[in-house]
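Take a look at the structure below.
The values are calculated or read from the model by the stated rules, or taken from the named source; none is laboratory data. Values in this document were obtained by computation on a predicted structure and should not be read as measured data. Please note: Cβ atoms are built from the backbone with ideal geometry, for glycine as well, and neighbour counts cover all protein chains shown.
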Amino acid sequence: MFAVASTQTGALIGFTGFSCPDFLPKVHPSVEIGWRFSKPSWGKGFASEAAAAALSFGVNDLSITEIVSIYELENGASVRIIQKLGMNF
């Protein structure tokens, strides 16, 4: 996972990156991209920007060929990020 800091204040606002979701046998083994951000940073594009950078790193530098993202059905914000990343449902 990568820490994400505000460029204005330097404060930690969240993280994004990869994990292996071994708790979910339906997608195991796989690499998951995920993110968590502080509530005050929601809706400002930080998660989308950071996740896009992490996804690019995973594909281009780590040569990961298959990446999944797991989300709660009620979490429309994460669905929009997944769509912005160009991931397929």
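General observations
Here is a yes/no grid of residues against (1) more than 10 Å from the chain's Cα centre (by Cα); (2) of a type in the set (A, V, I, L, M, F, W, C); (3) under 29 Å from Gly10 (Cβ atoms):
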| residue | (1), (2), (3) |
| --- | --- |
| Phe46 | yes, yes, yes |
| Ala51 | no, yes, yes |
| Ser63 | yes, no, no |
| Ile70 | no, yes, no |
| Gly76 | yes, no, no |
| Ile81 | no, yes, yes |
| Leu85 | no, yes, yes |
| Phe89 | yes, yes, no |
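- Close Cβ contacts (under 7 Å, 6 or more residues apart or on different chains) running from residues in segment 1-12 that are within 19 Å of Ala52 (Cβ to Cβ) to residues that are in a loop (DSSP other than H, G, I, E, B) comprise Ala5/Ala11.
- Subset tally (residues that are surrounded by fewer than 14 Cβ atoms within 10 Å (Cβ to Cβ), in contact (Cβ under 8 Å) with a residue 12 or more places away in the chain and either of a type outside the set (Gly, Ala, Ser) or farther than 24 Å from Ser6 by Cβ (or both)) for segment 41-61: 1
- Flag for Glu32 being of a type outside the set (A, V, I, L, M), touching a strand residue (DSSP E or B) at 6+ places or on another chain (Cβ under 6 Å) and either surrounded by 14 or more Cβ atoms within 10 Å (Cβ to Cβ) or not in a helix (DSSP H, G or I) (or both): yes
Conditions (1) touching a Lys or Arg at 6+ places or on another chain (Cβ under 8 Å); (2) closer than 23 Å to Asn88 by Cβ; (3) at pLDDT 95 or above, marked per residue:
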| residue | (1), (2), (3) |
| --- | --- |
| Met1 | no, no, no |
| Ala5 | no, no, yes |
| Thr9 | no, no, no |
| Cys20 | no, yes, no |
| Pro25 | no, yes, no |
| Pro29 | no, yes, no |
| Glu32 | no, yes, no |
| Ala54 | no, yes, yes |
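- Given (1) surrounded by 11 or more Cβ atoms within 10 Å (Cβ to Cβ); (2) part of a helix (DSSP H, G or I), number of the condition Gly14 does not satisfy: (2)
- Only one of the numbered conditions (1) in contact with a helix residue (DSSP H, G or I) (Cβ under 8 Å, 6 or more places away or on another chain); (2) assigned to a helix (DSSP H, G or I); (3) of a type in the set (A, V, I, L, M, F, W, C) is violated by Ile64, and that is (2).
- Residues that are in contact with a strand residue (DSSP E or B) (Cβ under 9 Å, 6 or more places away or on another chain) and free of Cβ contacts under 8 Å to residues at least 40 places away in the same chain, drawn from segment 66-77: Glu66, Ser69, Tyr71
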